[in-house]
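Just so you know, all these numbers are worked out from the coordinates, no wet-lab data involved. No experiment lies behind these values; they were computed from the predicted model shown. Because the Cβ atoms are built from the backbone with ideal geometry, glycine has one as well, and the counts that use them run over all protein chains shown.
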Amino acid sequence: MPRATSRRSSRGYVPGLLALALVLGACGAGQPDPVTEQGEGLHSLYLVVFWLGFAIFAAVEIAIFYMAIRFRRRKTDDDSLPPQIHGNDKLEIAWTVIPAIIVVVLFVLSWIQINDVQKVSAEPQLTIGVEAFQWQWNFVYHDETLASGEPVTVKGALPDEIPTLVVPVDTLIQLDLSTEDVIHSFYIPQALYKLDVVPGLDNRFDVTFTKEGRFRGQCAELCGLSHSQMVFWVEVVSAAEYEDWIAGTKSEAEAELLATTACKPSGTKVEVVAKDIKFDKKCLAAPVDSPFEIVFDNQDEGIDHNVAIYTSEEAVTAGEKALFQGEIFKGVDERTYDVEPIAEGQYFFICDIHPTAMTGTFNIAPEG
Amino acid sequence: MATTEVRPEAPATDAGYVTAPYRARWFRWFTTTDHKEIAKMYAVTAFFFLLVGGTLALLIRTQLAAPEQTLRLPGLEVTEQVYNEMFTIHATVMVFLFLTPMLAAFGNYFVPLQIGAADMAFPRVNAFSFWLVPAGGIVLFLSYFAGGPAAAGWTSYSPLAGPQFSPGNGVNLWIGALALLGMSSTLGAINFITTIFKLRAPGMTMLRMPIFCWNMLIQSVLILFSFPVVTAGLLLLWIDRNFGGAFFDPANGGNVILYQHIFWYFGHPEVYILILPLMGAISEIIPVFSRKPLFGYKAFVYATLAIGALGTAVWAHHMFTTGAIDVKFFAATSFLISVPTGVKMFNWTATMYKGKIQWSAAMLFAIGFLSMFLIGGITGIFNATGAVDSALHDTYFVVGHFHYVLVSAALFAMFAALFYWFPKMTGRMLNEKLGIWQVVVLFVGVNLTFFPQFALGLQGMPRRIATYSDGLGWGWLNMLSTFGSYLVSVAILLFIINFFWARKRGAIAGDNPWDAYTLEWATTSPPPYYNFDALPPIRTERPVFDANHPEIAASDEDYDHRVSSSTP
């Protein structure tokens, strides 16, 4: 089926390809600038593969189109057959051996990089636990503990709490990946690296950020419904800023803890308010071995509330008897309950009418 | 021309055993064991599922066209759940219900014809293999009416696909469908291997066999190696899901990495299972339209064997980022497999050298295949390093890479084969002009669809995400990709129009419209029930060419050597 077509010079491809190469080369051949020490090595290997691949691509693509155009059947051709060439053993050997040498070189270069990124230091300067779950991340700073002994933790939650992993620059950090549910993958595009978070596997990797800034990360392994929302941020800061951040986060966490579970008693009068089916406090405290009173202000008009103390949350669900049960009454009103002494320990208080919505910790502890 | 009588006693009338037994037309389709009719049913089924999988692809691309959107169509809201279901079913359909049966169609029609046989070795098994395909399709799509389909990806990694995180029937029916489709492929592979080893015509030695048949042979061996393994793995997943097996549940001593090993031990050979027959078809088409023999026939045979052997030893490059495998070993094997693949590429290109290339639609599709497969192959080098892959794995770079192989290259090769063989299968020619338009639209379409995906992947867009934030700069590249996918569907529509046009009005083909080389062109178009009245002598890999151009053999100094060196 001969077809007359306008003659296009196959040499036209060369400047076109060169222009494309320049555009690509100008922007790191498409890959973002690495922000980690390990990423720099990976990027340099990427560039080698890219330019080698580009050269082979250009050469073969030009050969294909050159052959297809140069040796096309023309209108003026007769029906005679072209020379029947069956092959050439020397060429076969050449185009087997030369690519083989190229891939051996590439393999050696890869070997070096693989060793580099797989290196796991026995003594990293900082170890951070990365806990993946459906569908967010927690970052656990094992080296920084609160007064309670708990490590400093940044928690993520759907839909809006996107966690930020704050790390100091130029520090050898080891990220220790763990998950209890499905497989996830911890991926920071600008680190040019990812490692899967696999239940049952102790996956960890070393990373040293060399640039300060805010970088995006995301789960890269399909992990169910909201896989696409498993986004996190990495904030690389100076060592001093990191110390400030840790101190700030610690005091915030301590304050939060104080307000929720670690409050201390001050006097024998405990005040609590109920409004909009909520207690105003998550933690109440009273002195040990002494009677005390609870001043309960029910501000919900026409709604029954009370305050009752149980040994634990489980005791409520198990239907155990309360240690103390205040009178149930409608708002707006106020009652003062007198409570017998209770032994030292951490207890649980609820409103018996709203046992899931209105709960808190009740600490009985020595005063001061 | 000298001929070998294959059925000297065949009666001249239609009354003898050599004609198809008469049955009502609709009934015949359900009972036929003729390899050509089975092949047509495979092809139509596969094309139907191409449209199903393609529709899903268009929905996926439309959902991703702009950041932070939820596509809403009448009766369909693409929520996260729906999105996860769509890409799971899209991949399953394209791999198991489109490409695999389409290749089975080509193999079924042309392996017996190319080796001079009257049918496949086991015609009834062949029919059974085919009917398992619609059965598998029905089981897969039943899940839409049984609580929703699988949504754990076509890989169905455990524990995500396990009982705790994918409750319901979706994954169970997915496993059932794959078991049926795997059985179809396995039985088909046994049939092809037996046919090729036992039913070759006198003179058709292994080294005179068309490269397409060689590729079908190696593909079948790969199927035998891989499908039973994955079927066993899926059975374990089934037991995990339904009977508390805990094979892949780390909480009870199971191992989630084991599942990945089993899956990819099948999954990577599967890629070669899907591309080898198409490489075979290309190896038939390029020589015929270059009017030359294939450059380096034996090199092709060795390269195909090498790809088959290495193809079973690269699987864990899909698991480079798990932290649980020997990255270097699998980087080495993955690099090595590029060598025989390169050999094929160079030989195809060299076949065109000094030829008289007819720019027929089939040939232009074949050139498109070379061009696209090259991009798919070179981007594979990035992943093979194991190191660079830690950035690229599970991003759109990988999506672009395998779609260049399994969509861009595969579609070009498939249409090349359809344009080349359609005259033989129907007796009529497809419209060449429309075909060339299709080449252009498809070329622009696939490159627009998949090239931006490399850039997206490099910038860090993970695969399988239902949407992405605004302000990442991914929007316009995704929009380009989506626009490209619409062009691809226009190209496929052009083929459908061409198909129906050609069935009624296509030019009458005759026995050998391309002056082609292999035995399928030594009979009528379409061939009779028993395939051949007579065969030409088979002295080289081009028996029909030798018969039609005796002057070439006479003037070829090397002819006798080539004949004797291909005799066992």
Rule-of-thumb check for chain B: C-alpha Rg over 2.2 N^0.38 Å? 0.97
Tell me, what HN-Hα J-couplings in whole Hz come from the Karplus equation 6.51 cos²θ - 1.76 cosθ + 1.60 at θ = phi - 60° for each residue of region A:130-147, using x for Gly and Pro? 10, 9, 9, 8, 6, 9, 7, 10, 10, 10, 10, 8, 4, 7, 10, 10, 8, 4
Which value in nm describes the separation of the simple spin-label points at residue B:252 and residue B:302, placed 7 Å from the Cα toward the beta carbon? 5.2 nm
At what distance in angstrom do the alpha carbon centres of region B:384-453 and region B:182-261 lie from each other? 25 Å
Hull surface divided by four, with the convex hull built on the Cα atoms of chain A: how many nm²? 31.8 nm²
Between residue A:295 and residue A:142, what is the FRET efficiency for a Förster distance of 30 Å, r being their Cβ-Cβ separation, to the nearest 0.05? 0.10
Let me check against my output: what whole-number percent is the relative contact order of chain B, with C-alpha pairs under 8 Å and at least 6 apart? 17 percent
Which three semi-axes in whole Å describe the equivalent ellipsoid of the protein assembly as shown, each the square root of 5 times a Cα gyration tensor eigenvalue, listed largest first? 65, 31, 23
The protein assembly as shown, helix-only ellipticity at 222 nm - DSSP H runs n ≥ 4, -39,500 (n - 2.57), divided by all residues, nearest 500: -16500 deg cm²/dmol
For the residues A:276, A:244, what sequence is obtained by ranking on other C-beta atoms within 10 Å, fewest first? A:276, A:244
Computed over chain A: longest principal axis from alpha-carbon atoms vs helix A:239-260 long axis, angle to nearest 10 degrees, is 40 degrees
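Take the Cβ-Cβ distance between residue A:353 and residue A:312 as r, set R0 to 22 Å, and report the resulting FRET efficiency rounded to the nearest 0.05. Please report the intermediate quantities before stating the final value.
On the way: r = 20 Å, r/R0 = 0.89.
E(calc), rounded to 0.05, equals 0.65.
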Once you have all Cα-Cα distances for region B:295-347, histogram them in 5 Å bins from zero and send the whole-percent values. 5, 22, 25, 17, 13, 9, 6, 3, 1
Remind me, relative contact order of region B:398-531 in percent, using alpha carbon pairs under 8 angstrom and six or more residues apart? 39 percent
Under 19 Å from a point 7 Å along the Cα-to-Cβ line of residue A:216: which residues of region A:178-202 have their amide N that close? A:185-195
What do you get for Rg/Rh of region A:261-368 when both radii come from the Cα atoms and Rh is the Kirkwood radius? 0.94
Filtered trypsin sites (Lys or Arg not before Pro), region B:402-438: DSSP coil and at most 10 other beta carbons within 10 Å: none
Separation of the residue B:51 and residue A:123 label points, Cα + 7 Å toward Cβ, nm: 7.0 nm
DSSP-defined beta bridges in region A:126-260 - what % are antiparallel, rounded to 5: 70 percent
Points 7 angstrom from Cα along the Cβ direction at residue A:75 and residue B:29: gap in nanometres? 4.5 nm
Give me A:313, A:221 sorted ascending by neighbouring Cβ count inside 10 Å, so fewest comes first. A:313, A:221
For residue B:215, what is the net charge nearby, where nearby means another residue's Cβ is under 14 Å from its Cβ and Lys, Arg count +1, Asp, Glu -1? -1
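With r defined as the distance between the Cβ atoms of residue A:170 and residue A:250 and R0 fixed at 22 Å, what FRET efficiency is calculated, to the nearest 0.05? Mind dumping the intermediate values first?
Numbers: r = 23 Å, r/R0 = 1.04.
E between residue A:170 and residue A:250, to the nearest 0.05, is 0.45.
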Gyration tensor (alpha-carbon) shape descriptor, region A:126-260, a/c threshold 1.5: oblate
In degrees, nearest 10, range 0 to 90: what is the angle between the Cα axis of helix A:89-118 and the longest Cα principal axis of chain A? 20 degrees
Give, as a single signed number, the net charge of other residues whose beta carbon lies under 12 Å from the beta carbon of residue B:64, with Lys and Arg counted +1 and Asp and Glu -1. +2
Pairs from B:198/B:504; B:292/B:424; B:40/B:354; A:155/B:328; A:155/A:278 whose Cα-Cα separation, in the structure shown, is over 28 Å: B:198/B:504; B:40/B:354; A:155/B:328
Can you sort A:187, B:157 from fewest to most other Cβ atoms within 10 Å of each residue's own Cβ? B:157, A:187
Chain A: relative contact order from alpha carbon pairs under 8 Å, six or more residues apart, as a whole percent, is 12 percent
Please list, or write none, the aspartates and glutamates whose alpha carbon is within less than 18 Å of the alpha carbon of residue B:344, excluding same-chain residues fewer than 8 places away. A:61, A:89, A:92, B:284, B:541
The helix B:361-384 Cα axis meets the longest alpha-carbon principal axis of chain B at an angle in degrees, between 0 and 90 and rounded to 10, of 40 degrees
